[in-house]
Amino acid sequence: MTSLDLITIGRSSVDLYGVQVGGRLEDMASFNKYIGGSPTNIAAGAARLGLKSALITRVGAEHMGRFIREQLVREKVDVRGVKTDPERLTALVLLGIRDQHQFPLIFYREDCADMALCEDDIDPGFIAEAGCVCATGTHLSHPNTEAAVLKALRLARENGARTALDIDYRPNLWGLAGHEAGESRFIESGKVTAKLQSSLHLFDLLVGTEEEFHIAGGSTDTLEALRAVRAVSKATLVCKRGPMGAVVFEGDIPDSLDKGQTGQGFPIEVFNVLGAGDGFMAGLLKGWLTGEDWPTALKYANACGAFAVSRHGCTPAYPSWEELQYFFRTGIRDRALRKDGALEQVHWSTNRTGEWPEMRVFAFDHRMQLEAIADEAGQSSERIDAFKSLCLDAALEVAGDRHGYGILCDGRLGRETLYKATGTGLWIGRPVEWPGSRPLTLEPELGPDFGGLTEWPVENVAKVLCFYHPDDPAEMREKQEEVIQRLFAATRRNRLEMLLEVIPSKVGPTDDRTVADIIERFYEIGVYPDWWKLEPMKSEAAWANACAAIEKHDPYVRGIVVLGLDAPMAELEDSFATAARFDLVKGFAVGRTIFGDAARRWFAGAIGDDEAVADMVRKYRELCTAWDTARARAGGGGGNGR
């Protein structure tokens with residue numbers, strides 16, 4: 001038995017994808033940042049499909065190298081084989097989508113980190129853990145990287161592991177084309193053909209487009225090229241034919257490509273071909289390494305390639321296993337897959353990174369309340385950020401190095417505190433509503449088009465509080481729903497999670513169905529929050545109805561946190577006892593119960609910084625203990641919320 005299904009080896013880069021579609025790369029005004037490089041994409045794509053994958057490469061000892069490593073960890077890719085090179089920079093690629101036929105790209109790979117990979121980077125013990133080693137063609141183009149790949153392949157074969165090659169031919173990376181020709185996919189070269197053929201016997205699986213088999217076989221006649229490859233390799237050959245799908249040849253090459261084994265195809269709109277081959281390879285490896293027959297493996301591969309072709313970016317476009325099964329059940333409802341809202345919801349929610357099974361959130365995003373406290377003490381509101389910094393200190397002291405803790409902090413009165421919190425490991429929620437507004441309006445910093453969200457770190461969760469009631473007048477409901485819908489669209493566009501907080505009890509009478517009806521309504525209008533924040537309902541039936549409403553529409557929701565409403569500790573403990581019976585309730589997000597007394601005394605000058613922090617640490621710890629106790633007594637959850 002091996003602990004890893006797959007190790008890929010080779011290129012690793014940061015892809016800077018032009019956001020604007022339909023223009024020249026020269027005219028791109030902004031870029032999205034993703035991990036890239038064929039082996040890196042394949043490892044991440046395979047991990048999304050449930051394979052235990054790892055990557056062997058090098059990255060620079062700088063921000064982009066750390067980004068790749070951290071993102072791979074988020075994708076659940078084993079990074080023990082990712083070496084940090086202190087002398088070289090991480091590779092970059094600039095890419096654009098001109099139209100459905102042109103995808104300009106520039107490789108920034110001069111003496112880059114991954115091309116310094118060498119034999120010493122190949123750990124025999126690490127290779128021994130793998131059921132398969134997959135190489136890509138670029139790292140056969142240079143003696144040092146080729147030696148590293150050949151060592152990994154030799155060790156894999158000695159261990160009885162499978163070996164695979166994605167030919168991944170880029171003439172530019174073999175020194176056959178200039179920097180401007182990054183998009184070029186084929187230039188004839190006897191030297192490249194000879195180099196590839198010298199190692200093809202080492203593989204059990206060879207995958208490439210027709211053009212890639214042309215370079216591997218030394219002929220622009222595909223059948224002739226495949227026969228030349230077969231003459232030096234017994235590997236299973238998988239030839240990709242673009243919109244015509246792919247064919248598999250396990251033995252002799254027949255007189256027609258149509259006589260190879262095929263799998264189900266998926267005719268969709270071509271939006272972006274970049275990275276489609278890596279998605280295809282991830283799907284193919286999923287089938288091959290889990291013992292599926294070739295038609296099934298090709299079905300996986302074709303579907304993963306279809307997702308990539310229909311979306312922006314490479315790795316971000318690849319499906320999760322749950323998403324793939326959903327797609328097989330529903331079929332193609334819109335040939336532009338990225339425009340299928342239900343499919344995109346499954347894609348988003350099953351590919352979010354990070355796990356938050358428990359949530360102990362210190363909420364100090366209060367603006368109106370802290371302004372009132374400061375004003376009462378005759379203090380300037382400019383001091384509020386300094387107090388919020390003390391709140392952060394308290395949160396970090398309680399959290400220590402443990403997971404499952406977070407804060408709510410705003411960017412208007414707590415900007416510096418928010419900046420300090422980012423990157424600490426805390427879950428961070430950031431409010432967008434104008435305090436107390438009804439109908440709902442948002443903080444001016446977001447702008448009329450919500451474009452201010454483009455400035456947010458992606459780890460910030462957009463939290464919006466809406467005083468909403470099912471019995472509101474129609475005009476009030478419509479205004480509030482329109483803001484929430486626009487905000488939801490804007491958060492997704494900016495790759496931000498969203499927390500929706502609803503408090504009906506402040507604006508109308510409530511019963512056991514009120515909150516559930518509100519939840520149903522927001523799903524009805526297409527709003528799928530990653531998180532819900534709900535008031536501390538005392539009735540078990542109310543919690544059961546709310547949880548059932550969420551699970552009915554979104555089985556992948558992150559969960560619910562309970563708000564505090566400045567309730568006394570004893571009252572919160574009672575509400576926790578009920579809420580903790582439901583697994584969908586992950587914890588709490590409470591503020592004034594923790595900071596209220598300390599804030600009044602600190603602004604009045606009655607206590608100093610250390611005393612304020614100590615007081616908030618004590619109360620925050622008490623609240624965490626109360627929640628943990630309630631959860632333990634509930635047996636870890638239960639009821640209709642399981």
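The values are calculated or read from the model by the stated rules, or taken from the named source; none is laboratory data. All of these numbers come straight from a predicted model, not from anything done at the bench. Every residue, glycine as well, gets a Cβ built from its backbone with ideal geometry; the counts of neighbours run over all protein chains shown. With ligands, DNA and RNA removed, areas are computed over all heavy atoms of the protein, side chains included. Shrake-Rupley method; radii C 1.70, N 1.55, O 1.52, S 1.80 Å.
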Within segment 276-292, identify whether any single residue is free of Cβ contacts under 8 Å to residues at least 24 places away in the same chain, charged (D, E, K, R), closer than 28 Å to residue 347 by Cβ and in contact with a helix residue (DSSP H, G or I) (Cβ under 8 Å, 6 or more places away or on another chain), and answer yes or no. yes
Restricting to segment 515-542, and then to whatever is out of contact with any strand residue (DSSP E or B) (no Cβ under 7 Å at 6 or more places or on another chain) and touching a residue at least 60 places away in the same chain (Cβ under 8 Å), can you tell me which residue is surrounded by the fewest Cβ atoms within 10 Å (Cβ to Cβ)? 526
May I ask you to say which residue of 457, 509, 470, 504 is open to solvent by 10 Å² or more (accessible area, probe 1.4 Å), under 21 Å from residue 434 (Cα atoms) and not in a helix (DSSP H, G or I)? 457
Only one of (1) farther than 26 Å from residue 513 by Cα; (2) aliphatic (A, V, I, L, M); (3) touching a residue at least 12 places away in the same chain (Cβ under 8 Å) is not met by residue 606, so which one is it? (3)
Specify which of the listed residues (135, 164) is touching a Cys at 6+ places or on another chain (Cβ under 6 Å), open to solvent by less than 20 Å² (accessible area, probe 1.4 Å), of a type in the set (A, V, I, L, M) and not in a helix (DSSP H, G or I). 164
With respect to residue 361, determine if the residue is farther than 30 Å from residue 622 by Cα, among the aliphatic types (A, V, I, L, M) and crowded, with 22+ Cβ neighbours inside 10 Å. no
Check whether at least one residue in segment 100-118 is open to solvent by 10 Å² or more (accessible area, probe 1.4 Å), over 28 Å from the mean Cα position of the chain (by Cα) and farther than 30 Å from residue 26 by Cβ, and report yes or no. yes
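Give, as residue ranges, the helices (runs of 4 or more DSSP H) completely inside segment 553-642 that count at least 1 residues that are under 23 Å from residue 522 (Cα atoms). Don't jump to the end; show me each part of the working.
Details: elements: 569-579, 592-603, 609-633.
Filter on segment 553-642 gives 569-579.
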Give me the pairs, please: first residue somewhere in segment 310-334 and under 17 Å from residue 287 (Cβ atoms), second residue anywhere and of a type in the set (Phe, Trp, Tyr) and open to solvent by less than 50 Å² (accessible area, probe 1.4 Å), beta-carbon distance under 6 Å, and either six or more positions apart or on two chains. 319/307
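If you go through segment 242-262 one residue at a time, how many are assigned to a loop (DSSP other than H, G, I, E, B) and out of contact with any strand residue (DSSP E or B) (no Cβ under 7 Å at 6 or more places or on another chain)? Walk me through it before giving the result.
Applying the first criterion (assigned to a loop (DSSP other than H, G, I, E, B)) to segment 242-262 yields 245, 250-256, 260, 262.
Remaining after also requiring out of contact with any strand residue (DSSP E or B) (no Cβ under 7 Å at 6 or more places or on another chain): 245, 251-256.
Here the count works out to 7.
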Among the residues in segment 405-419, are any open to solvent by 30 Å² or more (accessible area, probe 1.4 Å) and either of a type in the set (A, V, I, L, M) or touching a residue at least 60 places away in the same chain (Cβ under 8 Å) (or both)? no
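For segment 274-295, which residues satisfy the criterion of being in a helix (DSSP H, G or I) and under 19 Å from residue 133 (Cβ atoms)?
Taking segment 274-295 as the starting set, the residues that turn out to be in a helix (DSSP H, G or I) are 276-289, 294-295.
Hits for segment 274-295 are 277, 278, 280, 281, 282, 283, 284, 285, 286, 287, 288, 289.
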Across segment 83-106, the tally of residues that are under 11 Å from residue 274 (Cβ atoms) and either assigned to a strand (DSSP E or B) or without any contact (Cβ under 8 Å) to a residue 24 or more places away in the chain (or both) stands at 5
Meets criteria (of a type in the set (Asp, Glu) and either touching a Gly at 6+ places or on another chain (Cβ under 8 Å) or open to solvent by less than 30 Å² (accessible area, probe 1.4 Å) (or both)) for residue 278: yes
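Here's the yes/no breakdown for (1) modelled with pLDDT under 95; (2) open to solvent by less than 20 Å² (accessible area, probe 1.4 Å); (3) among the hydrophobic types (A, V, I, L, M, F, W, C):
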{"position": "188", "(1), (2), (3)": "yes, no, no"}
{"position": "214", "(1), (2), (3)": "no, no, no"}
{"position": "217", "(1), (2), (3)": "no, yes, no"}
{"position": "230", "(1), (2), (3)": "no, no, no"}
{"position": "233", "(1), (2), (3)": "no, yes, no"}
{"position": "243", "(1), (2), (3)": "yes, no, no"}
{"position": "262", "(1), (2), (3)": "no, no, no"}
Taking residue 564 and the conditions (1) small (Gly, Ala, Ser); (2) within 18 Å of residue 409 (Cα to Cα); (3) without any contact (Cβ under 8 Å) to a residue 24 or more places away in the chain, which numbered condition does it fall short on, given that it satisfies the others? (3)
How many of the residues making up segment 138-161 are farther than 19 Å from residue 192 by Cα and either open to solvent by less than 30 Å² (accessible area, probe 1.4 Å) or among the aromatic types (Phe, Trp, Tyr) (or both)? 5
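Could you run through segment 169-185 and say how many residues are open to solvent by less than 60 Å² (accessible area, probe 1.4 Å) and not hydroxyl-bearing (Ser, Thr, Tyr)? Walk me through how you get there before you give the answer.
Residues of segment 169-185 that are open to solvent by less than 60 Å² (accessible area, probe 1.4 Å), as a first pass: 169-174, 177-178, 181-182, 184.
Next, from what is left, pick out any that are not hydroxyl-bearing (Ser, Thr, Tyr): 170-174, 177-178, 181-182.
The number of residues fulfilling the criteria is 9.
Is there a residue being in contact with a Lys or Arg (Cβ under 7 Å, 6 or more places away or on another chain) and either on the phi > 0 side of the Ramachandran plot or open to solvent by 10 Å² or more (accessible area, probe 1.4 Å) (or both) anywhere in segment 479-493? It would help to see each step written out before you state the result.
Taking segment 479-493 as the starting set, the residues that turn out to be in contact with a Lys or Arg (Cβ under 7 Å, 6 or more places away or on another chain) are none.
No, the conditions are met nowhere in segment 479-493.
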Answer residue from segment 305-335, given it is over 16 Å from residue 268 (Cα atoms) and open to solvent by 30 Å² or more (accessible area, probe 1.4 Å) and is farthest from the chain's Cα centre (by Cα) among those: 329
